[in-house]
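K.L.:
Can you read through this structure? Questions will come right after.
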Amino acid sequence: MDELKKYIRSVPDFPKPGVNFYDLTTLFADPVGFKMALDKMEDFIRSRKTEKILGIESRGFIFGAALADRLNLPFIVARKKGKLPYKTIAEDYALEYGTASLEIHADAVSPGERVVIVDDLIATGGTLVAACKLIERLKGEVAGIACLIGLVFFPFADKLAGYDVNYLISYDSE
């Protein structure tokens with residue numbers, strides 16, 4: 001799916017020197033490119049016998065909600081700590097400097113439900129592991145992980161071993 005790369009703007013040295021930021025606003029602004037990405041992500045989600053889609057804040061919401069609508073599936077949001085209004089469960093994960101926490105509503109997943117996690121990009125895999133743990137704590141099944149981009153120069157494969165991970169574009173250097 002390297003043809004999708006032409007819809008993504010690369011911004012060097014953002015948010016800090018040495019980091020190359022992949023700006024998806026250019027993909028979202030192009031109906032052809034966005035549809036192409038959604039079509040490919042939809043194919044994977046359909047193949048997983050998905051019952052719910054979980055989108056990770058914030059760009060995972062854009063992909064996840066669109067895909068849930070296309071597939072007529074319930075949509076779950078995973079948000080940063082303190083942003084959800086009802087009873088939640090939380091999972092901490094490591095950042096480059098410190099930790100963060102991801103939350104979902106405690107009633108978001110029922111035992112045995114097959115949930116695909118959707119996000120924009122896989123880097124270290126920490127956020128996705130946290131999302132997997134949240135689903136599993138509610139006795140749901142992680143049916144797969146669907147992302148647009150995989151930054152393969154990060155070692156996320158080991159962290160996500162045992163999960164069916166699908167990404168459409170890979171970048172192999174910073």
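K.L.:
Hey, among Glu57, Glu51, which residue is in contact with a Pro (Cβ under 8 Å, 6 or more places away or on another chain), closer than 21 Å to Asn166 by Cβ and surrounded by fewer than 19 Cβ atoms within 10 Å (Cβ to Cβ)? Don't jump to the end; show me each part of the working.
P.N.:
Details: Glu57 fails: in contact with a Pro (Cβ under 8 Å, 6 or more places away or on another chain).
When all the criteria are applied, what remains is Glu51.
K.L.:
Looking only at the stretch 28-54, how many residues end up being of a type in the set (A, V, I, L, M) and under 14 Å from the mean Cα position of the chain (by Cα)? Walk me through how you get there before you give the answer.
P.N.:
Pass one, the stretch 28-54, residues of a type in the set (A, V, I, L, M): 29, 32, 36-38, 41, 45, 53-54.
With under 14 Å from the mean Cα position of the chain (by Cα) added as a condition, the list becomes 37-38, 41, 45, 53-54.
Counting residues in the stretch 28-54 that are of a type in the set (A, V, I, L, M) and under 14 Å from the mean Cα position of the chain (by Cα) gives 6.
Residues are listed down the side, and each one gets a yes or a no for (1) surrounded by 15 or more Cβ atoms within 10 Å (Cβ to Cβ); (2) modelled with pLDDT under 95:
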site: Gly98; (1), (2): no, yes
site: Gly150; (1), (2): yes, no
site: Leu160; (1), (2): yes, no
site: Asp164; (1), (2): no, no
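K.L.:
Being of a type in the set (Gly, Ala, Ser), farther than 16 Å from Ile145 by Cα, modelled with pLDDT of 95 or more and assigned to a helix (DSSP H, G or I) is the requirement here; does Gly112 meet it?
P.N.:
Working: of a type in the set (Gly, Ala, Ser): yes; farther than 16 Å from Ile145 by Cα: yes; modelled with pLDDT of 95 or more: yes; assigned to a helix (DSSP H, G or I): no.
When the stated conditions are applied, Gly112 does not pass them.
K.L.:
In the stretch 16-33, how many are assigned to a loop (DSSP other than H, G, I, E, B) and either of a type in the set (D, E, K, R) or out of contact with any strand residue (DSSP E or B) (no Cβ under 7 Å at 6 or more places or on another chain) (or both)?
P.N.:
Filtering the stretch 16-33 for residues assigned to a loop (DSSP other than H, G, I, E, B) gives 16-19, 24, 29-30.
From the residues that got through so far, the ones that are either of a type in the set (D, E, K, R) or out of contact with any strand residue (DSSP E or B) (no Cβ under 7 Å at 6 or more places or on another chain) (or both) too are 16-19, 29-30.
Number satisfying all stated conditions: 6.
K.L.:
Another question, then. Can you name the number of the only condition in (1) in contact with a strand residue (DSSP E or B) (Cβ under 7 Å, 6 or more places away or on another chain); (2) assigned to a helix (DSSP H, G or I); (3) of a type in the set (Val, Ile, Thr) that Val11 fails?
P.N.:
Going through the list (1) in contact with a strand residue (DSSP E or B) (Cβ under 7 Å, 6 or more places away or on another chain); (2) assigned to a helix (DSSP H, G or I); (3) of a type in the set (Val, Ile, Thr), Val11 breaks only (2).
K.L.:
Here is a follow-up. Give just the number: which of (1) touching a residue at least 24 places away in the same chain (Cβ under 8 Å); (2) in contact with a strand residue (DSSP E or B) (Cβ under 9 Å, 6 or more places away or on another chain); (3) not small (Gly, Ala, Ser) does Pro155 not satisfy?
P.N.:
So Pro155 meets the others, but not (2).
K.L.:
Return the total of residues in the stretch 48-69 being touching an Asp or Glu at 6+ places or on another chain (Cβ under 9 Å), part of a helix (DSSP H, G or I) and under 16 Å from Ile145 (Cβ atoms).
P.N.:
Number satisfying all stated conditions: 5.
The values are calculated or read from the model by the stated rules, or taken from the named source; none is laboratory data. This one's a predicted model, so the numbers in the text were calculated from it and none came from an experiment. Every residue, glycine as well, gets a Cβ built from its backbone with ideal geometry; the counts of neighbours run over all protein chains shown.
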